[in-house]
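The values are calculated or read from the model by the stated rules, or taken from the named source; none is laboratory data. Computed from a predicted structure; not experimentally measured. Every residue, glycine as well, gets a Cβ built from its backbone with ideal geometry; the counts of neighbours run over all protein chains shown.
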Amino acid sequence: MTNPILSPTISELINLSKKVAIVTGGALGIGQAICFRLAEAGAAVMVVDINLDAAKETVSKIVEHGGKAKAISADASSPAGADKVIKETIDEFGSIDILVNNAGIYPMSPMFDTTEEMWDKVLGLNLTGVFFYTQKVAKAIADLEKGGKIINLASIDGFHPTGNLVHYDASKGGVIMMTKALALELAPYKITVNAVAPGGISTPGADAISEPSRKQMESQGMTGEQIMQAFVARIPLGRMGIPDDIAKVILFLASDLSGYMTGTTVIADGGYLLS
């Protein structure tokens, strides 16, 4: 089509070639898929992860395909880590436009077994870290006076508990409400704040975390295959999600396609919460 009906065109709306993105927990799984999609759309990506070697591998794959990226090791639960990432990003790429608060942990633990140390660690990364990274990156974006995008990773557990994850569920419920509160405060600076709530996503990390639950069900006579079939049977779309299912939603929220959205949590769970 040589004469588009509307302007800007679709290709222009998803073009991130003049944008700079920070992705926490960007080395593996969903975070890596997010980095790949943002880079494919043209963004320069700062891949933040405590696993620097894995982050460097992600960067190498991006660069091999013509993208721009750099790896940095930083604590996603630490305000000082945020300061380090911001300085490095501006020094390397000259700007910040997008922050994806992806880093998170979810160690399964029954309520009676959950220690103060475990509670603090989960809330410290999943909620406190998200706030302070947002606070500091939003200040840097506001100083540049051109607006930006903040995208948080919530979870369907923020809407409905799955069991033995009270610390995680509390953190993700907090992320959903914090997204709304931050969206209200940051709107005058032309910074939108939205979230994505993934359902069951097949990643190496998720498989490792679910091992205690798997062993418990196997002790009751269920095989690993039966356990997976039982879970997938509750998903109306009939399959587990993959990291790219979430990365594509992040790309939508990072692009101008979502320009009139803020304070929203997009559920991407294959319909699991409907069942």
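Things to note:
- Residues of region 43-60 that turn out to be surrounded by fewer than 22 Cβ atoms within 10 Å (Cβ to Cβ) and either under 16 Å from L253 (Cβ atoms) or of a type in the set (K, R) (or both), as a count: 1
- Applying the criterion of being part of a helix (DSSP H, G or I) and free of Cβ contacts under 8 Å to residues at least 24 places away in the same chain to the residues of region 83-120, the residue that is surrounded by the most Cβ atoms within 10 Å (Cβ to Cβ) is K84.
- Of the helices (runs of 4 or more DSSP H) that lie entirely inside region 1-82, those containing 1 or more residues that are under 18 Å from the mean Cα position of the chain (by Cα), of a type in the set (G, A, S) and modelled with pLDDT of 95 or more span 29-40, 52-64.
- Residue among I105, I98, I151 that alone is touching a Lys or Arg at 6+ places or on another chain (Cβ under 6 Å), of a type in the set (V, I, T) and in the same structural domain as A183 (by TED's automatic domain parsing): I98
- Filter result (among the charged types (D, E, K, R) and either touching a Gly at 6+ places or on another chain (Cβ under 7 Å) or under 23 Å from G124 (Cα atoms) (or both)) within region 62-87: D75, D83, K84, K87
- Cβ-Cβ contacts under 8 Å between residues 6 or more apart (or on different chains), taken from a first residue in region 239-265 that is on the phi > 0 side of the Ramachandran plot to a second residue that is outside any loop (DSSP other than H, G, I, E, B) and of a type outside the set (S, T, Y), are listed as G263/K180; G263/A183; G263/L184; G263/V193; G263/N194.
For (1) on the phi < 0 side of the Ramachandran plot; (2) in contact (Cβ under 8 Å) with a residue 12 or more places away in the chain; (3) surrounded by fewer than 21 Cβ atoms within 10 Å (Cβ to Cβ); (4) within 14 Å of the chain's Cα centre (by Cα), each residue gets a yes or a no:
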residue	(1), (2), (3), (4)
L165	yes, yes, no, no
Y168	yes, yes, no, no
G174	yes, yes, yes, no
M178	yes, yes, yes, no
L186	yes, yes, no, no
Y189	yes, yes, yes, no
V193	yes, yes, no, yes
V196	yes, yes, no, yes
G199	yes, yes, no, yes
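- Residue check for N126: surrounded by 15 or more Cβ atoms within 10 Å (Cβ to Cβ) and modelled with pLDDT under 95: no
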